[in-house]
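Okay, structure first, notes after.
The values are calculated or read from the model by the stated rules, or taken from the named source; none is laboratory data. Worth saying up front: this structure is predicted, and the values here are computed from it rather than measured. Because the Cβ atoms are built from the backbone with ideal geometry, glycine has one as well, and the counts that use them run over all protein chains shown.
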Amino acid sequence: MSFSKKLKQFFTSKPKNNNWDGLIEAYKPWLPVTKKTPIITLKEGATPLIEIKSIANRIGKGVKVYAKYDGLNPTGSFKDRGMTMAISKAKEDGCEAVICASTGNTSASAAAYAKRGGMRAFVVIPDGYVAQGKLAQALVYGAEILAIKGNFDKALDIVRELSNKYPITLVNSVNPYRLQGQKTAAFEIIENLGNAPDWLCIPMGNAGNITAYWMGFEEYFYANKSKQLPRMMGFQASGSAPLVEGKSISNPETIATAIRIGNPVNKEKALLARESSKGKFSSVTDLEIINAYKILGKEEGIFCEPASAASVAGLLKLKNDVPKNSTIVCVLTGNGLKDPDCAINNNDSIFHTDVEPDMNSIIKKMGF
Ligand SMILES: *Cc1c(COP(=O)(O)O)cnc(C)c1O
């Protein structure tokens, strides 16, 4: 082929992923949508599955470990998968306003999708406990924010009652459409690997995502799209581990604010997923979370938020239980840029200050 022909072909061909129209379009037959459903999308989904050898090497035994990097969704967390469904269905029902309680990511996602669908978005957040990036998003997307003197669990109680009494749609993960949208992450993993993994490691807050993944894995398994089901390995922060301790926590505390939840609404469903999958729930300390967070950053170039690193911290904690030659997927639920304070306060980088603006001083600081 001549150069000019090649050049012409290059400029007329479309990029490969140009035909991705979001997860509702991609998985329509698996989702509760009809021809009448207006699809509100920011082309969420189709996030990468990235091999993380630094973690596999720490485990050994010939295992392969992957990160499902869902922090690359349009608003930076997996919440977008559920929100495209919840907001599309709310729009279909003629709803004009939505509300949620949020540790931050739900409010960012709800605001973005609600605004795209021409609706008002009200978000109730625990004052002082929402990471800065998430707050910035809710503000830019034009959410109406109500910061309460109370934690997430209290906020959720209030919005549940409110949405029962007023014409406003609740978009927390008690909304069944949320879990329907979120289950598509399991479909994508099976399509990438050609099978379900042996283990799925995932952080748990309200435990909606683990429930959704299990639903997705089961649906594809029973449709013969995978040969096996994974064990569902759920992780909580040790100061906020109601599902591990088997009781509600009235004052949950952890650096991983996205999973700072003491009374998970999807508790029963998550326990069922654990039982059916022969899975396991464990807790990890904030120190273990930050250790995993740093490894992902400086050894893999993957910046996730602390809550997400709980999945990797949990895997490292259970490394003795990992079967030989197994394939493991850790879900990285949110983007590291969401929580810049955490990054700035928890890193091992060398930061030279007061450097004279000349080559000699710089070279000296560099250690040459
Ligand atoms: C919401 C969230 C979680 C917890 O998901 P649940 O469905 O509530 O268990 C974990 N990580 C991040 C980053 C989140 O935004």
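Here are some notes:
- Pair list, Cβ under 7 Å, 6 or more apart: segment 219-237 residue touching a residue at least 60 places away in the same chain (Cβ under 8 Å), other residue among the charged types (D, E, K, R) and assigned to a strand (DSSP E or B): Met233/Lys280
- Subset of segment 273-288 [away from the ligand (no atom under 12 Å from the Cβ), in contact (Cβ under 8 Å) with a residue 12 or more places away in the chain and farther than 18 Å from Ser238 by Cα]: Arg274, Ser276, Ser277, Lys278, Gly279
- Restricting segment 127-139 to residues that are out of contact with any Gly (no Cβ under 6 Å at 6 or more places or on another chain) and not in a helix (DSSP H, G or I), the residue that is surrounded by the most Cβ atoms within 10 Å (Cβ to Cβ) is Tyr129.
- Applying a threshold of 6 Å to beta carbon distances and a minimum spacing of six or more residues, or different chains, the list of pairs starting in segment 130-157 at a residue that is more than 23 Å from Val265 (Cβ to Cβ) and ending at one that is among the basic types (Lys, Arg) reads Gly133/Lys338; Tyr141/Lys115; Gly142/Lys115.
- Selection within segment 328-348 - polar (S, T, N, Q), surrounded by fewer than 17 Cβ atoms within 10 Å (Cβ to Cβ) and touching a residue at least 24 places away in the same chain (Cβ under 8 Å): Asn347
- Selection status of Arg260, within 11 Å of the ligand (Cβ to nearest atom) and touching a Phe, Trp or Tyr at 6+ places or on another chain (Cβ under 7 Å): yes
- Residue in segment 299-307 that is touching a residue at least 24 places away in the same chain (Cβ under 8 Å), under 30 Å from Gln228 (Cβ atoms) and surrounded by fewer than 17 Cβ atoms within 10 Å (Cβ to Cβ) present: yes
- Applying the condition of being among the polar types (S, T, N, Q) and part of a helix (DSSP H, G or I) to segment 150-190 and asking which residue is farthest from Ser250 (Cα to Cα) yields Thr184.
- Qualifying residue in segment 182-194 (condition: away from the ligand (no atom under 16 Å from the Cβ), in contact (Cβ under 8 Å) with a residue 40 or more places away in the chain and more than 19 Å from the chain's Cα centre (by Cα)): yes
- Asp198 meets each of the listed conditions (1) in contact (Cβ under 8 Å) with a residue 12 or more places away in the chain; (2) farther than 16 Å from Thr327 by Cβ; (3) away from the ligand (no atom under 16 Å from the Cβ) apart from (2).
- Taking the criterion of being within 12 Å of the ligand (Cβ to nearest atom) and either surrounded by fewer than 18 Cβ atoms within 10 Å (Cβ to Cβ) or part of a loop (DSSP other than H, G, I, E, B) (or both), the residues of segment 201-231 that qualify are Met204, Gly205, Asn206, Ala207.
- In the set Gly118, Gly142, only one residue is within 26 Å of Gly336 (Cα to Cα), of a type outside the set (S, T, N, Q), part of a loop (DSSP other than H, G, I, E, B) and at pLDDT 95 or above; that residue is Gly142.
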